[in-house]
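*Asks:* Dumping the structure here so I can ask a few things about it.
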């Protein structure tokens, strides 16, 4: 049996920008973050054989299923706004792809292009279930141009999630949807970029402002927030303390480009000390529950 602390399910992606590419996707950002928080991490993904994951997912156990092509996004700056294009997609991820000998404390379902079968939410028994539904809330046309769509799986999945993280962009700015979703799940975090996050939990709504930083690249910040938030919740922090910690980690991430924005061990320790005043929240406490 392979005992893990954190398993993330979703496509690792090839992200194109200005004729260059980098490895991306929720699976990459969340896995690296959880690993830097001291977790034993696994990833379940699909990608073509040419996509090299050895460096971005070093020290992470990867269950990789072959695809003719990796999921490929192109990010285009259009008058200060990001326009995304989906060029290709890898294979759908289903419960049968979960290695039978994997056990984990936390499972993070993180679709980017509808690739996660909703049945995955029950694939790890009693594990803490975190969901980032971004990939269920986007669609694309015949040219690959990405736009929003309703989260059609919400009613089915929300009651089974321990925590959900989504962004204002996912909702198209419609915060009434956040209230609607929050009523159906235990804890919901709405990320708001440089403005921080709003947490819906325990019948309360609270907003948390992040530390002020100079932003260089916000790519992956929501995934970094989510992994930090899920880990903090699972190790016993209340939603408010978990939000402050995740804000601290995510704020530092935007000061560096791409996957280099994931925290290092020292940065994680500084955020623990700054937010909680102690070291609780490391892998030892995670494994202890």
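The rows are residues; the columns are (1) within 15 Å of the chain's Cα centre (by Cα); (2) over 22 Å from residue 27 (Cβ atoms); (3) buried (at least 22 other Cβ atoms within 10 Å of the Cβ).
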| position | (1), (2), (3) |
| --- | --- |
| 101 | no, no, no |
| 111 | yes, no, yes |
| 131 | yes, no, yes |
| 147 | no, yes, no |
| 188 | yes, no, yes |
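*Asks:* Would you say residue 143 is under 19 Å from residue 89 (Cα atoms), without any contact (Cβ under 8 Å) to a residue 40 or more places away in the chain, surrounded by fewer than 22 Cβ atoms within 10 Å (Cβ to Cβ) and touching a strand residue (DSSP E or B) at 6+ places or on another chain (Cβ under 8 Å)?
*Replies:* Numbers: under 19 Å from residue 89 (Cα atoms): yes; without any contact (Cβ under 8 Å) to a residue 40 or more places away in the chain: no; surrounded by fewer than 22 Cβ atoms within 10 Å (Cβ to Cβ): yes; touching a strand residue (DSSP E or B) at 6+ places or on another chain (Cβ under 8 Å): yes.
In short, no.
*Asks:* Still on this structure, I have one more. Quick check: is even one residue across region 243-266 assigned to a helix (DSSP H, G or I), under 30 Å from residue 15 (Cα atoms) and more than 20 Å from the chain's Cα centre (by Cα)? Working first, answer last.
*Replies:* Applying the first criterion (assigned to a helix (DSSP H, G or I)) to region 243-266 yields 243-253, 258-261, 265-266.
Then keep just the ones that are under 30 Å from residue 15 (Cα atoms); that gives 243-253, 258-261, 265-266.
Still in the list and also more than 20 Å from the chain's Cα centre (by Cα): 266.
Yes, some residue in region 243-266 is assigned to a helix (DSSP H, G or I), under 30 Å from residue 15 (Cα atoms) and more than 20 Å from the chain's Cα centre (by Cα).
*Asks:* Could you please find all residues in region 206-229 being assigned to a strand (DSSP E or B) and surrounded by 15 or more Cβ atoms within 10 Å (Cβ to Cβ)? Outline the logic, then answer.
*Replies:* Initial filter on region 206-229 (assigned to a strand (DSSP E or B)): 206-208.
Listed by number, the list holds a single entry, 208.
*Asks:* Can you confirm whether region 22-45 contains a residue that is surrounded by fewer than 21 Cβ atoms within 10 Å (Cβ to Cβ) and under 27 Å from residue 169 (Cβ atoms)? Please lay out each step first, then the result.
*Replies:* Taking region 22-45 as the starting set, the residues that turn out to be surrounded by fewer than 21 Cβ atoms within 10 Å (Cβ to Cβ) are 22, 38, 40.
Filter once more, so that each one left must be under 27 Å from residue 169 (Cβ atoms): 22.
Scanning region 22-45 turns up at least one residue that is surrounded by fewer than 21 Cβ atoms within 10 Å (Cβ to Cβ) and under 27 Å from residue 169 (Cβ atoms).
Each value in this text was obtained by applying a stated rule to the coordinates, not by laboratory testing. Remember, it's a predicted structure, so these values are computed and weren't measured experimentally. Cβ coordinates were reconstructed from backbone atoms using ideal geometry, including for glycine residues, and neighbour counts include every protein chain displayed.
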